[in-house]
Amino acid sequence: MDQEYILLLEKSKERNELIKRQMKYLGKFNNKNFDHVVAEFSDEVFAEIDCLKCGNCCRTIGPKMNGPEIRRACKAFGLDEKTFMKDSLVRDEELGWMVAVMPCPFLREDNACDIYEVRPRDCDDFPYMKDRGIQRSLGRLAFNTEFCPAAYLIAEKIMERYAPGITK
């Protein structure tokens, strides 16, 4: 992982309690155009962050996958679906099938994804900053700051905009 991203994740860990508290607080409001503003923050951050220099999400938290996504991934990678499900997935009552083996079995050493073209939607959407009604899901953003330098930078931008002056 790029040293700059390691430092961002360390800073995120230091500020984790503040981030969680602020995201919980900001999630109580209904700010006009919040989704749009956060999507812009996401675009700004991802113009600077190169996921291929990080890959931490793929090393630490596995995506959820539905049946069609499992079939596409297995076909693209040449895996037997039943074997893959038995060896690499776990069924969560609420979320469905989740990759249980870390790092993700599709992550290459260069942080690229072997199934990028057919990757699960969960991977494509991470860290979920373009979802509708994102203000009600800021707790998930706070959680993701522990794994994703981009999520941390987005959270910092949100706090700077909607809770300026609060640093502790």
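Which members of segment 157-168 meet the condition of being closer than 22 Å to residue 5 by Cα, touching a residue at least 40 places away in the same chain (Cβ under 8 Å) and part of a helix (DSSP H, G or I)? Write out each step before concluding.
Here is the first cut: in segment 157-168, the ones closer than 22 Å to residue 5 by Cα are 157-160, 167.
Now drop any that are not touching a residue at least 40 places away in the same chain (Cβ under 8 Å), which leaves 157-159, 167.
157, 158, 159 - these are the residues of segment 157-168 that are closer than 22 Å to residue 5 by Cα, touching a residue at least 40 places away in the same chain (Cβ under 8 Å) and part of a helix (DSSP H, G or I).
Limited to segment 75-90, what total is found for residues that are within 18 Å of residue 60 (Cα to Cα) and touching a helix residue (DSSP H, G or I) at 6+ places or on another chain (Cβ under 9 Å)? Lay out the reasoning, then the answer.
To start, the set of residues in segment 75-90 that are within 18 Å of residue 60 (Cα to Cα) comprises 87-90.
Pick out the ones that are also touching a helix residue (DSSP H, G or I) at 6+ places or on another chain (Cβ under 9 Å) and you get 89.
The number of residues fulfilling the criteria is 1.
I need every pair where a residue in segment 133-145 that is under 11 Å from residue 20 (Cβ atoms) and at pLDDT 95 or above has its Cβ under 7 Å from the Cβ of a residue that is crowded, with 16+ Cβ neighbours inside 10 Å and among the basic types (Lys, Arg), sequence separation at least 6 or different chains.
Listed by first residue and then by second, the contacts come to 142/20.
Of all residues in segment 120-138, count the ones that are in a helix (DSSP H, G or I), of a type outside the set (Val, Ile, Thr) and farther than 25 Å from residue 89 by Cα.
Residues flagged as in a helix (DSSP H, G or I), of a type outside the set (Val, Ile, Thr) and farther than 25 Å from residue 89 by Cα within segment 120-138 amount to 4.
From 13, 32, which residue is basic (Lys, Arg), free of Cβ contacts under 8 Å to residues at least 40 places away in the same chain and out of contact with any strand residue (DSSP E or B) (no Cβ under 8 Å at 6 or more places or on another chain)?
Matching residue, one of 13, 32: 32.
Which of the residues belonging to segment 123-163 are acidic (Asp, Glu) and either surrounded by fewer than 17 Cβ atoms within 10 Å (Cβ to Cβ) or not assigned by TED's automatic domain parsing to the domain that holds residue 14 (or both)?
Residues satisfying the conditions are 124, 125, 131, 160.
Please list, ordered by residue number, the helices (runs of 4 or more DSSP H) wholly in segment 1-107 having 3 or more residues that are at pLDDT 95 or above, among the hydrophobic types (A, V, I, L, M, F, W, C) and assigned by TED's automatic domain parsing to the domain that holds residue 146.
3-14, 16-26, 34-48
The values are calculated or read from the model by the stated rules, or taken from the named source; none is laboratory data. Note that the structure is a prediction, hence the values are computed from the model and not measured. Backbone-built Cβ (ideal geometry, glycine too); neighbour counts: all protein chains shown.
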